[in-house]
1. For Tyr296, indicate whether it is among the aromatic types (Phe, Trp, Tyr), under 20 Å from Ala346 (Cβ atoms) and in contact with a Leu (Cβ under 8 Å, 6 or more places away or on another chain).
2. Quick test for you: out of Asp291, Asp354, pick the one residue that is charged (D, E, K, R) and under 32 Å from the mean Cα position of the chain (by Cα).
3. Please work out which residue is farthest from Ala83 (Cα to Cα), limiting yourself to the range 13-60 and to residues that are in a loop (DSSP other than H, G, I, E, B) and either modelled with pLDDT under 90 or aromatic (Phe, Trp, Tyr) (or both).
4. Looking at Ala237, Ala242, Ala317, Ala248, which is the one that is more than 20 Å from Pro220 (Cα to Cα) and without any contact (Cβ under 8 Å) to a residue 40 or more places away in the chain?
5. Residues of the range 264-291 being buried (at least 17 other Cβ atoms within 10 Å of the Cβ), more than 18 Å from Phe343 (Cα to Cα) and touching a helix residue (DSSP H, G or I) at 6+ places or on another chain (Cβ under 8 Å), which ones?
6. Name, by its number, the condition in (1) open to solvent by less than 50 Å² (accessible area, probe 1.4 Å); (2) farther than 25 Å from Ala330 by Cβ that does not hold for Leu215.
7. State all residues of the range 293-309 that are under 27 Å from Val337 (Cβ atoms) and not in a loop (DSSP other than H, G, I, E, B); if no residue qualifies, say none.
Amino acid sequence: MPHHDLPYPRLEIDRQRAEFADAAVEDRFNRHHLPETTAQLKISLLFCAAFYVAFGATDVATLGPTATAWAMIALRLLVALVAAGGLLAITRRPESVRIAVVAACVVEIVGLAVFMVLCWYQPAATAWNVMSQALILMAIYINIPNRFIHAVWIAAGSSAVFCAMLFVQGHLKMDDLVALVLLLMLGNTLGYIGARRFHLARREEFRSTILLQQLADRDPLTGCYNRRVLQKGLLDAELARARRYGTALSVILGDIDHFKRINDTHGHAAGDHVLSDFGGLLLAMTRETVDSVVRYGGEEFLIVLPETDLAGAHALAERIRHAFGSTGSAVEFGEFVTATASFGIASVPALDPDAPETPAVLMEAADAQLYAAKRGGRNCVRGVSVTADRMRSTA
């Protein structure tokens with residue numbers, strides 16, 4: 001299968017981390033949502049920077065125009081500068097998931113560290129500061145796009161430091177201290193529940209989309225792709241990639257010999273078993289994240305082999321031919337049906353300046369080779385090297 005598609009078992013969601021268990025699927029999810037995520041992150045960073053600086057007025061109102069107040073305003077400006085740096089980074093690298101995550105984490109950590117300093121020098125405003133901390137927690141969990149696990153650690157860690165600071169300051173009565181600690185715990189709990197639900201819901205939606213796409217693109221009997229993926233440009237994309245990077249590309253057309261005879265003799269249910277086993281064999285003997293297996297029509301299958309020359313495709317077709325011919329398909333009443341298959345190969349050599357520009361040339365050549373294999377007695381492999389000007393065949 002090509003790298004852009006993923007089999008069903010990889011779609012499991014780790015509900016503790018609120019991420020896909022498979023890193024490749026999680027990366028695909030993040031890249032799919034990256035434009036939306038970066039847009040939201042930019043707005044969040046601008047909003048946080050603006051309000052952080054705006055609340056400098058409270059420092060002057062509380063402490064007066066003192067050196068401490070101006071130092072606090074300088075720290076607020078530092079947070080704004082860090083936010084501006086994060087904004088610049090994600091603007092320059094809009095395609096990077098990692099940059100977006102790092103920017104969110106750095107701004108949150110710096111902002112919370114500065115907030116602790118501000119609170120330390122304003123003990124008289126502790127109640128307001130606790131309310132502000134609770135609002136910041138909500139922003140970390142909900143408003144600033146980040147990995148769920150990072151949000152949890154940053155929010156919980158900052159809350160622990162804030163509670164320790166209240167205890168060290170020691171100017172609160174025990175009942176007030178307990179109440180404020182419980183308020184922070186409530187903020188973390190509500191934020192955790194809301195953020196986890198949000199992250200899981202987005203991934204459930206993404207998983208449903210992938211499952212629907214895979215159901216639409218796959219043949220239900222064999223598990224192979226159907227011709228819809230070819231119509232969507234699978235072979236066009238592989239041929240364009242081979243031309244761009246100068247790599248080889250091969251296609252194999254495989255056809256089960258005398259399949260109509262199997263249906264007429266053993267019934268269509270037996271024929272379905274043979275088709276299913278043949279498709280499963282093709283999937284098992286090809287590279288999972290590189291090659292593509294397509295049920296081309298009826299008992300005919302297409303294998304697309306990127307970075308594979310004629311010799312490699314021929315060797316693979318021979319292995320498949322031998323494996324299929326030497327095993328039977330179990331059908332009803334314990335009966336086994338044996339069959340053979342014929343294969344036609346068309347290959348574009350590596351670094352070939354005359355490589356065809358459209359896949360129609362490849363498909364026509366592979367079909368001609370399959371027809372030659374049928375005329376040659378079936379249960380054999382025929383192949384040809386294809387360029388725009390010439391063809392060189394091999395038995």
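The values are calculated or read from the model by the stated rules, or taken from the named source; none is laboratory data. Everything numeric here is computed off the predicted structure, so don't read it as measured data. Here Cβ is always computed from backbone atoms with ideal geometry, including for glycine, and neighbour counts include all displayed protein chains. Quick note on the areas: whole protein, heavy atoms, side chains included, nothing else; ligands and nucleic acids left out. Shrake-Rupley method; radii C 1.70, N 1.55, O 1.52, S 1.80 Å.
1. yes
2. On the way: Asp354 fails: under 32 Å from the mean Cα position of the chain (by Cα).
Within the list Asp291, Asp354, the selection yields Asp291.
3. First, pick out the residues of the range 13-60 that are in a loop (DSSP other than H, G, I, E, B): 15-18, 21-22, 33, 55.
This time we only want the ones that are either modelled with pLDDT under 90 or aromatic (Phe, Trp, Tyr) (or both), so: 22, 55.
Details: Asp22: 31, Phe55: 16 Å.
That would be Asp22.
4. Values: Ala242 fails: without any contact (Cβ under 8 Å) to a residue 40 or more places away in the chain; Ala317 fails: without any contact (Cβ under 8 Å) to a residue 40 or more places away in the chain; Ala248 fails: without any contact (Cβ under 8 Å) to a residue 40 or more places away in the chain.
Matching residue, one of Ala237, Ala242, Ala317, Ala248: Ala237.
5. Listed by number, the residues that qualify are Ala270, Gly271.
6. (1)
7. Answer for the range 293-309, where residues must be under 27 Å from Val337 (Cβ atoms) and not in a loop (DSSP other than H, G, I, E, B): Val293, Val294, Arg295, Tyr296, Gly297, Glu300, Phe301, Leu302, Ile303.
Every residue, every condition in (1) at pLDDT below 90; (2) part of a helix (DSSP H, G or I); (3) under 30 Å from Met174 (Cβ atoms), yes or no:
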| position | (1), (2), (3) |
| --- | --- |
| Arg98 | no, yes, no |
| Trp128 | yes, yes, yes |
| Tyr141 | no, yes, yes |
| Pro145 | no, no, no |
| Ile149 | no, yes, no |
| Trp153 | no, yes, yes |
